[in-house]
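Undergrad: Mind looking over this structure? Questions follow.
The values are calculated or read from the model by the stated rules, or taken from the named source; none is laboratory data. Keep in mind it's a predicted model, so treat the numbers as computed, not measured. Heads up, the Cβs are rebuilt from the backbone with ideal geometry, glycines too, and the neighbour counts pull from every protein chain shown.
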Amino acid sequence: MVDSRDRWQRHDWWGVVLDTDDVAVLATFYNQLRGWTIHHADETDAALDPGEGVAYLSVQHNPDHVPPTWPPRPGAQQMMLHLDFEVTDLAAETARAIGLGARLAGEQPQDNVRVLLDPAGHPFCLYVDAGHALGAQP
């Protein structure tokens, strides 16, 4: 069932929260990468608004943040999630993400997916072809 109320009046928001040792850097990265508005930001956390629906991306300060390892290795900090973003030009968007502070991961398991690491070391995927949205695996 679709809720027709104004999104700001709703109380069923949901989001993903990423830990980081630098809230401003990570919030700015996703703001510039996706064009999402930084709805709130201070030194302890920030919330980014994609501009539709009731989802958000939040980043929270964790001075003990340890970036996950990609590809995974036994005994190393494991990835608990990753974000997927569909793009129309994989090469151009990969270059743009790198220009904003992302790093290309050493292992690239699929031709139509680029695994990158955000400034805090969280893996995320840029991909072409909507058929891979639910199955992209960094």
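Undergrad: Go through the range 62-110 residue by residue and tally those that are outside any loop (DSSP other than H, G, I, E, B) and touching a His at 6+ places or on another chain (Cβ under 9 Å). So that I can check it myself, show each step before the final result.
TA: Let us first name the residues in the range 62-110 that are outside any loop (DSSP other than H, G, I, E, B), namely 83-86, 90-99, 103-104.
Going one step further and asking which of them are touching a His at 6+ places or on another chain (Cβ under 9 Å), we end up with 83-84, 86.
Qualifying residue count, the range 62-110: 3.
Undergrad: Give the range 37-75 a look and list any residue that's at pLDDT 95 or above, among the hydrophobic types (A, V, I, L, M, F, W, C) and farther than 17 Å from C125 by Cα, or say none.
TA: Once the filter is applied, which keeps residues that are at pLDDT 95 or above, among the hydrophobic types (A, V, I, L, M, F, W, C) and farther than 17 Å from C125 by Cα, the range 37-75 yields I38, A41, A46, A47, L48, V59.
One line per residue, one yes/no per condition, for (1) over 30 Å from D12 (Cβ atoms); (2) without any contact (Cβ under 8 Å) to a residue 24 or more places away in the chain:
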position: P67; (1), (2): yes, no
position: W70; (1), (2): yes, no
position: P74; (1), (2): yes, yes
position: M79; (1), (2): no, no
position: A102; (1), (2): yes, no
position: N112; (1), (2): yes, yes
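Undergrad: (1) at pLDDT 95 or above; (2) surrounded by fewer than 12 Cβ atoms within 10 Å (Cβ to Cβ): which one isn't true of Q137, the others all being true?
TA: Here Q137 meets the rest and fails (1).
Undergrad: Kindly provide the set of residues from the range 35-52 that are exposed (fewer than 14 other Cβ atoms within 10 Å of the Cβ) and among the charged types (D, E, K, R), ordered by number.
TA: If the condition is that a residue be exposed (fewer than 14 other Cβ atoms within 10 Å of the Cβ) and among the charged types (D, E, K, R), then D42, E43, E52 are the ones that fit.
Undergrad: Please enumerate the residues belonging to the range 1-36 that are touching a His at 6+ places or on another chain (Cβ under 9 Å) and either of a type outside the set (A, V, I, L, M) or in a strand (DSSP E or B) (or both).
TA: L18, D19, T20, D21, D22
Undergrad: Before we move on, is R73 of a type in the set (D, E, K, R), at negative phi and surrounded by 13 or more Cβ atoms within 10 Å (Cβ to Cβ)?
TA: Values: of a type in the set (D, E, K, R): yes; at negative phi: yes; surrounded by 13 or more Cβ atoms within 10 Å (Cβ to Cβ): no.
Criteria not met by R73.
Undergrad: Continuing with the same structure: For the range 1-36, which residues satisfy the criterion of being within 16 Å of G121 (Cα to Cα), without any contact (Cβ under 8 Å) to a residue 60 or more places away in the chain and β-branched (V, I, T)? Quick ask: steps written out before the conclusion?
TA: First, the residues of the range 1-36 that are within 16 Å of G121 (Cα to Cα): 16-30, 33.
Pick out the ones that are also without any contact (Cβ under 8 Å) to a residue 60 or more places away in the chain and you get 17, 23-24, 27-28.
Matches in the range 1-36: V17, V23, T28.
Undergrad: While we're on this one: Checking the structure you have, find out if any residue of the range 37-54 is among the β-branched types (V, I, T), without any contact (Cβ under 8 Å) to a residue 12 or more places away in the chain and either in a loop (DSSP other than H, G, I, E, B) or touching a helix residue (DSSP H, G or I) at 6+ places or on another chain (Cβ under 9 Å) (or both).
TA: Quick first cut of the range 37-54, residues among the β-branched types (V, I, T) only: 37-38, 44, 54.
Filter again for without any contact (Cβ under 8 Å) to a residue 12 or more places away in the chain, leaving 38.
Still in the list and also either in a loop (DSSP other than H, G, I, E, B) or touching a helix residue (DSSP H, G or I) at 6+ places or on another chain (Cβ under 9 Å) (or both): 38.
Yes, the conditions are met somewhere in the range 37-54.
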